[in-house]
1. Compute the relative contact order of the chain as a whole-number percentage, counting only Cα pairs closer than 8 Å that sit 6 or more residues apart in sequence.
2. Return the FRET efficiency for the residue pair LYS459, GLU490: r is the Cβ-Cβ distance, R0 is 25 Å, and the value is rounded to the nearest 0.05.
3. With a ≥ b ≥ c the root eigenvalues of the C-alpha gyration tensor of region 377-488, is it rounded (a/c under 1.5), prolate (a/b larger than b/c) or oblate?
4. Among 340-348, 555-563, 99-107, 184-192, how do they line up by average Cβ neighbours within 10 Å per residue, starting with the highest?
5. Taking 22 Å as R0, compute the FRET efficiency from the Cβ-Cβ separation of LYS253 and SER93 and round it to 0.05.
6. Remind me, relative contact order of region 446-503 in percent, using alpha carbon pairs under 8 angstrom and six or more residues apart?
7. Counting only helical runs of four or more DSSP H residues, what would the 222 nm mean residue ellipticity of the chain come to if each run contributes -39,500 (n - 2.57) and the total is spread over all its residues?
8. Filter the trypsin sites (Lys or Arg not before Pro) in region 177-245 to those in DSSP coil with at most 10 other Cβ atoms within 10 Å of their Cβ, and list the result.
Amino acid sequence: MTVAGITSVQKEGRVFRPPKGFQKRAHIKSMVTYEKMYRQAYRNPGGFWAKAAKELVWFKPWSKALVWNAPDAKWFVGGKLNVSYNCLDRHLSTWRRNKAAIVWEGEPGDQRTLTYQQLYHEVIRFACVLKSLGVKPGDRVAIYLPMIPEAAIAMLACARIGAPHSVVFGGFSAQALKDRILDAGATCVITSDGGYRRGGIVPLKVNVDESLKGVSIVRHVLVVRRTGTPVSMAPGRDVWLHERIVELAARGKFSCRAEELDSEHPLFILYTSGTTGKPKGIYHSTGGYLTQVSLTCKWIFDLKDEDTFWCTADIGWVTGHSYVVYGPLANGATTFMYEGAPNHPGPDRFWDMIDRHRINIFYTAPTAIRAFIKWGDDHPKKHDLSSLRLLGTVGEPINPEAWMWYHRVIGGGRCPIVDTWWQTETGAILISPLPGATPTKPGSATRPFPGIVPDVVHKDGTVCKPNEGGYLVLKRPWPGMLRGIWGDPERYKKQYYGDFDGIYFTGDGARRDKDGYYWVMGRVDDVINVAGHRLGTAEIESALVLHESVAESAVVGRPDDLKGSAIVAFVTLKGGQTATPELKDQLKAHVGKEIGSIAKPDDIRFTDALPKTRSGKIMRRLLRELATQGEVRGDTTTLEDFSVLEKLRSEEE
Ligand code: WTA
């Protein structure tokens, strides 16, 4: 862990107050209200969250809001509920029955709208199909789908029958999918014949077939027809969704009661990168997760019944889980989903859709914003973006200039921006403005949500002074927090509660200014953020050494204007191997195959040796400096062999 560079971050003095018109209609209208709620929640966190939980429908009330034995939390103990019931059934007895739940657009331009009633019907049928395949409460189901309505339907169907889902991003390779299927012990995989991306077709079913070679635990693969691409169907194992629906329909009416699940029942597992080569299966609960996702979605996005909310994240990431599917639907809102790339058929695709669908709230990542800036202002300017009233960002620190562009060009100077800080592990947003209340400062995620108690501390746990850089920690449990790492309780303890006693360490560096605003600087561990995707350097290293010609590798991030971080891999070759440009290309392709295209190194540097400490640890910090500044300025006293640095320098391209 290192906090080098954190204190040097620029001072940003601009402050933007919520526009009066926005404020007047907002759920939370003033800082006085926020401060009061924050104080109340600080004094009585159980009471604050219990009030939010009461907005949901419970089959059985809980007896205690929180039981906390650090690092294990239980929220709404003894309560029983169902997430799919809360996202669907309860809206059917209201006027929302015929309101659009999902408005969807495919990359080729095809469209679908599902009302709450229709979505409910689809989920029931899907859940019946899963049951017919033998899926039972507690069984894990892997979902490997493009951004089509069936992705949300599949998640809700799993939630309905109490089968934790493990969504794997469609951009991940067959190998990455296999690792995740095995780790979660999934017995069923849901996929499609393909999905549209940048004018081409992603061969999802082919990847699934590849991933299941030698895997015996998966009993069934359920295939959704999307592209019409011919695929091979393994007899007895593979089932077309539409065919099974016809078969079941012939047997009678579809009906599927929502399982009454314990508040702590695992809703989903989602793999994310950590500091070791093995991705972590973060798992989340039912009651606590839905409570926090639902309330943060309502207040932070100031969600109203008449809004169309577009969170651009793929459901393969936590943002897609919490703010494409569960948060908006729990609130009875209209969520917009888009299948494809932001620049297909042209760089104005997003603005065209915002214009045509009259999107009101738009939530995306800084890396996307930087790409839009690069593509030029003409593209958004061609379209009428006046429907927008609120903008959001997530996934990495946003540089103030990108924030200003977003505010000016996309928001027309009238939309507040919510810069939301959170993680796969936190389940829901923890630090963010409340748009009708909080004055914003470009680049700051501002203040913690009521009930959340972050701090910035030194390595020894003492609190940092205002503006002093340190480690971002969370001092209290929160309802949406992860309940553990699937199959590895020790790793959970060590990873998150091993550095500070009873306190959660986020892995991020931050500073807090004199107004109590948080400025998150990014990861201080071996996790890098590439185009908004979270990757472990160790994961990429593990993939590289799987290649027959690689002896050892060290991967670091280098700041990149567009992607946040670019991936630089230092590679030593096995004896007899020659460093050639062709081999670099081969290695990049190899990483693409092992993990997915998002993890392909931007730069591969061959070297005779890697800088190591006397205890044999690779000194990534030196490599980072080398990759970033072209030289090493920091402390090298623990370096074992100084000639390595000389060689690395001379090998630079
Ligand atoms: C980073 C995404 C600065 C941070 C929801 C965190 C951010 C990691 C912000 C989690 C933000 C997320 N400002 N940094 N507003 N939001 N991050 O698990 O480094 O994919 O630890 O969850 O993204 O990434 P993850």
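Values in this text are rule-based calculations from the coordinates and carry no lab data. Owing to the predicted nature of the structure, the values given are computational and were not obtained by experimental measurement. Quick reminder, even Gly has a Cβ in these numbers, built from the backbone with ideal geometry, and neighbours come from all protein chains shown.
1. Rounded, it is 14 percent for the chain.
2. Plugging the Cβ-Cβ distance into 1/(1 + (r/R0)^6) gives 0.65.
3. Details: a/c = 2.42, a/b = 1.81, b/c = 1.34.
Prolate shape, in that a/c is at least 1.5 and a/b is the bigger ratio.
4. Final packing ranking: 184-192, 99-107, 555-563, 340-348.
5. On the way: r = 20 Å, r/R0 = 0.91.
Calculated transfer efficiency: 0.65.
6. Relative contact order here is 29 percent.
7. Counting only the DSSP helices, I get -8000 deg cm²/dmol.
8. Numbers: sites: LYS178, ARG180, ARG197, ARG198, LYS205, LYS213, ARG219, ARG225, ARG226, ARG237, ARG244; in loops: ARG198, LYS213, ARG219, ARG225, ARG226, ARG237.
Loop-located and lightly packed - LYS213.
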